[in-house]
Amino acid sequence: MTVFTGAATAAKSSTSSTSANNASASPTVWRKTSHPPLHFNNNETRNRNLQMQLKNRGTKDDWGASLRYDIEEPTSSCSSGLPIDVPIVRKLSRPLIQQQQQKMEDLDETCSVSSTDSDRTILSPTVPMSIFDKFLCLTSNLSGLISCIIAEARKTTECEQYAVFFYDDDNKKMVLFNNETMLMTGKAYELNTGIVGRVGATQRTMNIRDVSRCPFFVSDIDEQFDVKARNILAFPLVDSSHSLIGVIVLYNKTPGFSRNDEKFIKRFSYFVANAIAHAILAKQIEEVRTRIHMVEEFKVQGEDVVIEEVDIMRLVNDPLRDWRYFSQNFADFSFPPRSVGENHFHKASMMFFEDLGFSMQYKLNKRKLSFLVLRVSVGYRPVPYHNWSHAFAVTHFCWLTLRTDAIRRALNDMERLSLLIACLCHDIDHRGTTNSFQMQSLQKTPLSVLYSTEGSVLERHHFAQTIKLLQQEECSILENLPAADFRTIVNTIREVILATDISAHLKKQERIKTMIREGYNPMSFDHRYLLMCLVMTASDLSDQAKNFHNAKRIAENIYLEFFAQGDLELQLGVKPLEMMDRTNAYVPTVQIDFLYKIGVPVFQLLATVVPEGKTTAEAIEANHMCWVALDEECRNNPAATNELEYLRDEQLERRIYEKVRKIDPRAAELASKRFEPVYANGTVPQTQDILDHRFDGYDKKYQLGCHPGSGGSGGQMNGKQQIRSLQKTKSKVSL
């Protein structure tokens with residue numbers, strides 16, 4: 001290779017003479033060594049532009065970057081596609097005063113600037129391998145890696161400020177990286193615009209001693225974070241596959257960035273690019289794992305469970321029963337439906353659709369309805385409270401409400417059908433945690449990633465699971481409906497499932513009161529929507545409107561879920577709410593607060609619309625009195641309360657009834673009312689206590705605190721702890 005350091009005019013004349021002396025020989029190719037070959041639409045235009053550049057610029061750019069021209073012998077690939085007299089130019093920031101005796105050193109540096117594989121393996125002694133080792137240790141944390149890279153670059157070059165741009169390959173733009181938040185700012189700039197775009201497009205380092213005289217300088221792009229640029233050293237990040245990763249810009253060094261800075265940066269960028277490439281690859285792998293996890297999360301719970309044909313045919317062939325088959329009191333608002341036994345939940349659920357006339361009116365396929373009920377039952381997770389028995393209890397109360405004359409007049413048939421389906425599926429795939437847990441920053445879950453912008457994370461997931469089931473061929477009970485009716489039912493299901501979020505109910509509470517005060521109008525869409533939301537909320541809270549024995553046992557299951565979440569939050573380093581902390585939670589106070597603010601008002605509002613449900617309002621008021629009496633008993637004997645075990649104390653329960661009876665005999669009667677689930681034929685079912693959360697299939701972690709003397713968090717609470725918990729103020733309730 002011949003290297004010539006003369007002026008451009010001399011170089012041009014040398015080329016002409018060479019061509020004249022040996023016309024048949026391969027042409028000599030001019031290279032301006034810090035830019036890749038320039039491309040033009042045709043040879044004539046390319047030749048004219050290159051000659052004008054050489055003529056006008058001479059040997060030094062007027063914006064301060066010195067030029068040097070290296071003559072390279074053409075390769076076969078170059079000579080095959082270019083005319084003889086057309087040079088290829090690359091630019092290298094080099095001082096013009098280099099002498100001929102430095103040719104070999106200059107040639108070595110020229111090669112190190114190019115992007116060939118052999119050049120990238122050259123390691124400068126000024127970049128120790130310890131830096132690369134440090135970078136590799138941070139590949140799992142992109143923001144930490146960027147901070148480390150910039151710290152090393154600033155320490156060596158002594159620059160004042162910096163900016164990092166990443167290349168968006170999809171949109172072909174440079175995206176600014178925020179130095180403070182370590183996140184993408186969203187500001188995107190065109191490639192080949194400004195110094196940043198120029199460096200990204202050419203993949204060559206640029207050392208600009210005076211940015212005000214640089215023709216490529218664009219202040220909106222090249223001056224970031226309120227920096228007033230005087231001089232700039234911008235270098236590309238190119239990985240081993242020659243793919244552009246980004247550009248790093250270093251601002252303002254006094255008096256300017258030196259040749260040593262260039263040498264360091266050229267070698268340093270090799271380490272940086274590969275470290276960032278590793279970090280990006282690690283992030284992509286993590287994203288793939290997250291997607292796989294999210295796919296698993298969004299699968300219908302129990303989807304892999306095989307529904308046996310014998311179970312389907314048992315429901316299909318079994319004649320649909322009258323409600324009295326399950327209990328002579330089954331249609332009583334005060335009846336606790338769990339007491340019929342879980343083995344009757346499927347049959348009773350089928351009966352709800354038949355009793356309300358939906359099976360005949362909407363031509364519901366019995367086999368598909370059977371499959372839907374079975375699939376929904378396995379879609380609920382075995383958590384202490386939000387399980388299949390809770391779904392059945394909610395659906396039972398909704399069925400009781402829908403069959404009243406008041407609701408038949410107030411809502412149309414499609415709205416009633418939507419309510420029944422929604423109640424059956426309203427908590428499907430519930431994880432036993434609250435919306436706030438799903439949303440907290442330290443434990444971002446796939447559900448919060450998908451639904452956090454809309455709120456009601458779990459409720460939206462329940463609706464999504466419901467629609468997935470209804471769209472399955474085996475569960476498509478609405479297949480015979482016209483498309484418009486199907487959309488109406490789906491939209492109604494969505495709205496009423498979202499209404500089960502207590503925070504959503506509190507926002508609508510004043511509107512519901514206004515509707516009742518001004519009079520219900522069945523022709524008003526808004527009134528029908530508010531009434532459906534009220535029915536849904538009351539159904540969801542209906543366990544607290546049964547007898548006190550039932551309400552107390554259900555509360556125990558609720559707090560088992562709360563405590564499990566609190567334990568998990570403690571493991572994550574998050575302080576749980578008081579009612580979720582098993583060492584500080586005091587159930588009576590929380591229940592009194594919840595019933596007073598939410599439970600009692602809901603059933604009082606429902607009783608004004610549905611007179612048949614008046615007993616539910618009386619029952620929940622009686623339970624409120626019982627919780628107050630229980631609170632007094634516990635305060636008089638705090639050592640007697642062993643976490644949740646005191647909620648099972650039958651003697652304590654009887655003392656509470658006696659206290660309430662002295663104040664309000666009617667309330668004591670409602671609170672102590674017990675039903676025996678006698679069938680229509682007079683027999684009594686032999687079933688376990690469905691309210692007992694400790695049945696086979698529940699994980700042991702939900703039994704913590706139920707056995708005295710078990711040690712650890714499940715052991716007895718000492719007297720001082722209990723007294724402190726009794727002195728706690730009322731907690732904010734979020735059920």
#### Entry: Residue selected from the stretch 610-633 under the condition of a type in the set (A, V, I, L, M) and assigned to a helix (DSSP H, G or I), by the criterion nearest to GLY519 (Cα to Cα)
ALA617
### Task
Check the stretch 602-624 and report whether any residue there is among the charged types (D, E, K, R), on the phi > 0 side of the Ramachandran plot and either more than 40 Å from the chain's Cα centre (by Cα) or assigned by TED's automatic domain parsing to the domain that holds LEU570 (or both).
no
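Can you find, within the stretch 361-370, the residue that is surrounded by the fewest Cβ atoms within 10 Å (Cβ to Cβ) among those that are among the polar types (S, T, N, Q) and more than 15 Å from ARG416 (Cβ to Cβ)? Steps first, answer last, please.
Of the stretch 361-370, the ones among the polar types (S, T, N, Q) are 361, 365, 370.
From what is left, the residues that are more than 15 Å from ARG416 (Cβ to Cβ) are 365, 370.
Working: ASN365: 18, SER370: 26.
If we take residues in the stretch 361-370 being among the polar types (S, T, N, Q) and more than 15 Å from ARG416 (Cβ to Cβ), then ASN365 is surrounded by the fewest Cβ atoms within 10 Å (Cβ to Cβ).
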### Query
How many of the residues making up the stretch 291-320 are at pLDDT 80 or above, surrounded by 14 or more Cβ atoms within 10 Å (Cβ to Cβ) and not in a helix (DSSP H, G or I)?
1
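Can you tell me how many residues within the stretch 576-596 are of a type in the set (D, E, K, R) and under 14 Å from MET625 (Cα atoms)? Reasoning before the result, please.
Here is the first cut: in the stretch 576-596, the ones of a type in the set (D, E, K, R) are 578, 581-582, 593.
Subset that is under 14 Å from MET625 (Cα atoms): 593.
The number of residues fulfilling the criteria is 1.
Hey, which of the helices (runs of 4 or more DSSP H) in the stretch 380-444, taking only ones fully inside, have at least 1 residues that are closer than 24 Å to ASN550 by Cα and of a type outside the set (Ser, Thr, Tyr)?
Working: elements: 388-402, 405-410, 413-425, 435-439.
Qualifying helices (runs of 4 or more DSSP H): 388-402, 413-425.
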### Message
Here's a check for you: in the stretch 321-343, which residue that is part of a helix (DSSP H, G or I) and over 38 Å from the mean Cα position of the chain (by Cα) is surrounded by the most Cβ atoms within 10 Å (Cβ to Cβ)?
### Response
VAL340
### Message
Given the options LYS363, LYS347, LYS368, name the one that is over 21 Å from ASN547 (Cα atoms) and either part of a loop (DSSP other than H, G, I, E, B) or not assigned by TED's automatic domain parsing to the domain that holds LEU402 (or both).
### Response
LYS363
## Note on the structure
ASN521: passes all of (1) over 22 Å from GLU621 (Cβ atoms); (2) of a type in the set (S, T, N, Q); (3) modelled with pLDDT of 95 or more but (3)
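For the stretch 350-360, enumerate the residues that are part of a loop (DSSP other than H, G, I, E, B) and either crowded, with 22+ Cβ neighbours inside 10 Å or not aliphatic (A, V, I, L, M) (or both).
Here is the first cut: in the stretch 350-360, the residues part of a loop (DSSP other than H, G, I, E, B) are 356-357.
Listed by number, the list holds a single entry, GLY357.
The values are calculated or read from the model by the stated rules, or taken from the named source; none is laboratory data. Keep in mind the model is a prediction, meaning the values are calculated, not measured. All Cβ positions, glycine included, derive from the backbone under ideal geometry; neighbour counts span all protein chains shown.
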